[in-house]
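Derivation of every value follows stated rules applied to the coordinates shown; laboratory data play no part. Small disclaimer: the values here were computed from a predicted structure and weren't measured. Quick reminder, even Gly has a Cβ in these numbers, built from the backbone with ideal geometry, and neighbours come from all protein chains shown.
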Amino acid sequence: MCFPPSAAALTDVTRALGVFAHPDDVDFGAAGTIAGWVDAGIDVTYVIVTRGDAGGFDDTPREHIPAIREAEQRAAASVVGVKTVEFLDGYADGTVTASLGLRRDIIAAIRRHRPDRVITNSPLRRWDRIAGPSHPDHLAVGEATTCAIYPDARNPFAYPELLSEHGLQPWTVREVWYTAGPSPDHVVDITDTYDTKLAALRAHVSQTSHVDLDAILRHRLAETATAGGLGAGRLAEAFTVLRTE
């Protein structure tokens, strides 16, 4: 199973919402692109489903990890220029499913922030890179977010308590961007925002301090740029973009 070819990206977006499974997902997948959006005046908000409590590479006590990773994500968002970062409660790293409760929480976020564009984990597995992009939490969040976009967030009769008890009016998302899915074909040149992406990822000290992050990123992003037809020396992120109106 694969995505269809990407639609042309909307050019009149004013608000975007990133919904991701773990701290650092958005920065690995899209920090360079999102930095460009912020520079262009788009208001970007993050919603992170877990606090990444199963992550880390050292002997830091497990009970300290959620607070550490939340702080790291807030620091990374600040580097990119994203001012609002929300974390959902009740979802443990490694156990996320596309449940009705998760859909409800994402619907509420969509109705609160009313984005033109949502960017999220891919709900489709990549068999060529099963490690990383195809983490089960990523797939679950991508699926739940897709269901929240359609049909739920726009339907006043879906999860009616969101309207009757919380006053959250229906909202139609116009476009979704998927990160790390199979055969992404919407390539964004991030050469000019690469340093911002690198700094954002370095803010995730508990996850990245043990690797040569610059070398890894430059290699992957250069490959993406070449595959996308960009010139030599360019760096790029790639997505699938679909209209959801």
Binned at 10 Å starting from 0, the alpha-carbon pair-distance distribution of region 16-66 in whole percents comes out as 23, 43, 24, 10, 0
Which value in nm describes the separation of the simple spin-label points at Trp127 and Phe157, placed 7 Å from the Cα toward the beta carbon?
-> 4.0 nm
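Roughly speaking, what is the stretch gain from Ser78 to Glu63, that is 0.36 nm per residue apart minus the C-alpha to C-alpha distance, in nm to one decimal?
Values: separation 15, 0.36 × 15 = 5.40 nm, distance 2.48 nm.
So the chain would gain 2.9 nm between Ser78 and Glu63.
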When the Kirkwood radius is taken over all Cα pairs of the chain, what Stokes-Einstein diffusion coefficient follows at 37 °C and 0.692 mPa s, in µm²/s?
-> 182 µm²/s
For the modelled label position 7 Å from the Cα of Glu223 along Cα-to-Cβ, which residues of region 114-137 have backbone nitrogen atoms closer than 18 Å?
-> 125-135
Have a look at region 11-139 and give its Rg and Dmax from the Cα atoms, expressed in angstrom.
-> 14.5, 47
The extension gain from Leu10 to Glu245, computed as 0.36 nm times the residue separation minus the Cα-Cα distance, is 83.5 nm
Hey, what number do you get for the chain at 222 nm if only DSSP H runs of n ≥ 4 count, each worth -39500 (n - 2.57), divided across all residues, to the nearest 500?
-> -11000 deg cm²/dmol
List the relative contact order of the chain as a percent without decimals, with contacts defined as Cα pairs under 8 Å and 6+ residues apart.
-> 27 percent
Quick one: compute the contact order of region 182-245, relative version, from alpha carbon pairs under 8 angstrom and 6+ residues apart, as a percent.
-> 51 percent
FRET efficiency estimate (nearest 0.05) - Cβ-Cβ, Glu86 to Asp185, R0 30 angstrom | 0.50
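Among residues other than Ala9 whose Cβ falls under 9 Å from its Cβ, what is the net charge (Lys/Arg +1, Asp/Glu -1)?
Details: positive: Arg117; negative: Glu175.
Computed value for this residue: 0.
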Spin-label pair Tyr150/Ala232, simplified geometry with 7 Å Cα→Cβ offset, distance in nm = 4.3 nm
Alpha-carbon Debye profile of region 65-166, log10 I(q)/I(0) at 0.12, 0.20 Å⁻¹ = -0.47, -1.19
Go ahead and run the numbers for FRET between Cys2 and Ala54, Cβ-Cβ distance against an R0 of 22 Å, rounding to 0.05.
-> 0.15
